[in-house]
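Heads up: the structure comes next, in structure tokens.
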Amino acid sequence: MADARPPRPAAVKPDRYAWIALANTTAAIFMAAVDGSIVIIALPAIFRGIHLDPLAPGNISYLLWMIMGYRLVQAVLVVNLGRLGDMFGRVRMYNAGFVVFTVASVLLSFDPYQGTHGALWLIGWRLLQAVGGSMLMANSAAILTDAFPAERRGFALGTNQIAALAGMFVGLVAGGLLAAWDWRAVFWINLPVGIFGTLWAYLRLRDNGERHRGRIDWWGNLTFALGLFTLLVGITYGIQPYGRQSMGWENPVVLGELGGGVALLFVFVIIETKIAEPMFRLALFKIRAFTAGNVAGLLVSIARGGIQFMLIIWLQGIWLPLHGYAYSQTPLWAGIFLLPMTAGFLVSGPTSGILSDKFGSRGIASAGMAVFASSFIALMLLPVSFPYWAFALLIAMNGIGSGMFASPNSSSIMGSVPARDRGVASGMRATFQNSGTAVSIGVVFTLMIAGLSRTLPSTLSGGLIRLGVPSGVAHQVATLPPVASLFASVLGVNPIQHLLAQFSPVGTNQPAGILSSLPAASRAALTGREFFPSLLSGPFHSGLIVVFGVSAGLSVLAGLASLLRGARKSPLDPGTGSGTDSGQGTRAAIPG
């Protein structure tokens, strides 16, 4: 008997405007992501430029805010700005973000101060820059979802998502190259893209999505912003030393921030269930694909976010010095040696987006998590002084797995919600991603510092004494918080030279520190390229195994969450809506 079903309608092709929207938003997201990481590698040059030692007692907070502040602001604001985009126009909010980002970049490059005032200037304008970046990120995915037909949405969102992930690692290389010329150049690089992108966006982008003006949820916005910000600030300060302890998790201020943040977020949830037009559409979590995708995305962000720092410390603090690279050169070369991970992103991201348009998101995203988890397990087996080809292969595998997950997952989330909620859905997705990254940095550094605190002091003290450092000084140096040594590696500074410079020979006030009183051979050994990396390698590798093991476990959980997003339905089939795998049909309303 002949099949009586009507033929499937031809797939709708994206129009010219869709490609304009993709090009503009991809450039914007790439720029914002590059700026999130470019400062990490440029930090040594930046702090030298403003004449501030970020590792001196009392100055580590400036270093942490330069590293974490951008992420904290993005995590807090993207939902609010996505909701405002739904109300007042996504393109309008996006265009304003381009302006804010570009203006802040100009102000960052003209820091007129030195010392702590110079650091505060940079931190303040960098927070404003993060506001602009949040406006871009909160609305770009919604603009693409409005512009592209369902059957090409995975490719568009995948390209956008991979631009964000690739920008994180391109920023590492760009930061090293530009900082070698002038530290201000890491902010100048934004100006051509920012000015051209702003004009291009104002002239060519248009609001063609649904707009629903409503009341601003002031109490919801306030409690969410304060609650999440307070919680993430508590996590940030938790990895700083407190008194004689290596970390600050027992600091009453940190405990108060963590407890207060959780309490405010609890109040926020209650508020959102009581008002007619909430900022955070909790009803969206009734959509299976939306919930599963965001849970999986959060787990992946926690698994991945802090690993970037561990890989940088592994390269800059151990591998590169042991292979003949001067400490001052390690930031640039670490970015270069991490390029295989970027290549993995760039290859697998758009490809997986195209495949998810054809075959659905669930299988491809879950397979990506299997590859992602496998790369962490393989990295656990890698020796500290590894052959580079093996390291490059494994981090490329890590990038491929991450790219396989990112594109289909974004498409599934954005396609599963009604058109009117795409802005807030995009913001919620970005909030989970940025919050996960901030939490990951706190978790990864906590695990590493805890491991180093148990094993590094005795190893370091014994090594210093063998080279003639007085036992009292050796003990004091060995018991200093390990966080200083880790951040010294990030900054491309010889940790031993920096630590010993804080101590002078007994009965003298020599500014050069204890090193000046030691024999030349001992000084050369202590400040050379092998002493500290050799001592650190054993304790650090033990911590790496724990960190990679936790990331592998989180990746497995993310894969399981991805499998729960539901079976695939064709975007052209009637009745497609919430609960689909690919999430491409957005015709259904939120279930009641």
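Observations, loosely collected:
- Checked across region 415-431, the condition of being acidic (Asp, Glu), over 18 Å from the mean Cα position of the chain (by Cα) and under 25 Å from Ala283 (Cα atoms) holds for at least one residue.
- Among the helices (runs of 4 or more DSSP H) confined to region 118-232, the ones with at least 3 residues that are surrounded by fewer than 24 Cβ atoms within 10 Å (Cβ to Cβ) and aliphatic (A, V, I, L, M) are located at 153-181, 190-204.
- Restricting region 445-468 to residues that are closer than 15 Å to Thr479 by Cβ and β-branched (Val, Ile, Thr), the residue that is surrounded by the most Cβ atoms within 10 Å (Cβ to Cβ): Ile449
- The criterion of being in contact with a Ser or Thr (Cβ under 9 Å, 6 or more places away or on another chain) and surrounded by fewer than 20 Cβ atoms within 10 Å (Cβ to Cβ) holds for Val99.
- Checking every residue in region 307-319 against the condition of being hydrophobic (A, V, I, L, M, F, W, C), closer than 26 Å to Ile235 by Cβ and not in a helix (DSSP H, G or I) gives zero matches.
- Of the listed requirements (1) touching a residue at least 24 places away in the same chain (Cβ under 8 Å); (2) in a helix (DSSP H, G or I); (3) under 17 Å from Ala425 (Cβ atoms); (4) under 24 Å from the mean Cα position of the chain (by Cα), Thr291 misses just one: (1).
- One residue from Gly528, Gly559 being within 30 Å of Gly306 (Cβ to Cβ) and at pLDDT below 85: Gly528
- Within region 36-61, being closer than 18 Å to Trp125 by Cα, at pLDDT below 80 and of a type in the set (Gly, Ala, Ser) holds for Gly36, Ser37.
- Check on Val78, open to solvent by 10 Å² or more (accessible area, probe 1.4 Å), aliphatic (A, V, I, L, M) and in contact (Cβ under 8 Å) with a residue 12 or more places away in the chain: no
- Candidates Val417, Val424, Val384, filtered to the one that is buried (at least 24 other Cβ atoms within 10 Å of the Cβ), in contact (Cβ under 8 Å) with a residue 40 or more places away in the chain and not in a helix (DSSP H, G or I): Val417
- Taking the listed residues Gly363, Gly403, the one that is within 21 Å of Leu346 (Cβ to Cβ) and either assigned to a helix (DSSP H, G or I) or basic (Lys, Arg) (or both) is Gly403, with no other qualifying.
- Filter result (touching a Gly at 6+ places or on another chain (Cβ under 8 Å) and among the acidic types (Asp, Glu)) within region 51-74: none
- For Tyr327: the one exception among (1) of a type in the set (Ser, Thr, Tyr); (2) under 23 Å from the mean Cα position of the chain (by Cα); (3) crowded, with 21+ Cβ neighbours inside 10 Å: (2)
- Looking across region 486-498, the residues that are open to solvent by 10 Å² or more (accessible area, probe 1.4 Å) and assigned to a helix (DSSP H, G or I) come down to Gln497, His498.
- First in region 531-549 and closer than 13 Å to Trp314 by Cβ, second anywhere and assigned to a helix (DSSP H, G or I) and open to solvent by 30 Å² or more (accessible area, probe 1.4 Å), Cβ under 6 Å, 6 or more apart: Pro533/Leu322; Pro539/Thr455; Ile545/Met380; Val547/Leu447; Phe548/Met380
- Conditions (1) open to solvent by 40 Å² or more (accessible area, probe 1.4 Å); (2) touching a residue at least 60 places away in the same chain (Cβ under 8 Å); number of the one not met by Phe345: (1)
- Ala166 among the small types (Gly, Ala, Ser) and closer than 28 Å to Ala18 by Cα: yes
- Residue that is farthest from Val477 (Cα to Cα) [pool: residues in region 233-247 that are at pLDDT below 85 and open to solvent by less than 10 Å² (accessible area, probe 1.4 Å)]: Thr236
- Val254, sole failed condition from (1) under 30 Å from Leu144 (Cβ atoms); (2) assigned to a helix (DSSP H, G or I): (1)
- Scanning region 380-394 for residues that are within 26 Å of Gln433 (Cα to Cα) and at pLDDT below 95 yields one hit, Met380.
The values are calculated or read from the model by the stated rules, or taken from the named source; none is laboratory data. Note that this is a predicted model, so its numbers are computed, not measured. Because the Cβ atoms are built from the backbone with ideal geometry, glycine has one as well, and the counts that use them run over all protein chains shown. Accessible surface areas use protein heavy atoms only, side chains included; no ligands, DNA or RNA. Shrake-Rupley method; radii C 1.70, N 1.55, O 1.52, S 1.80 Å.
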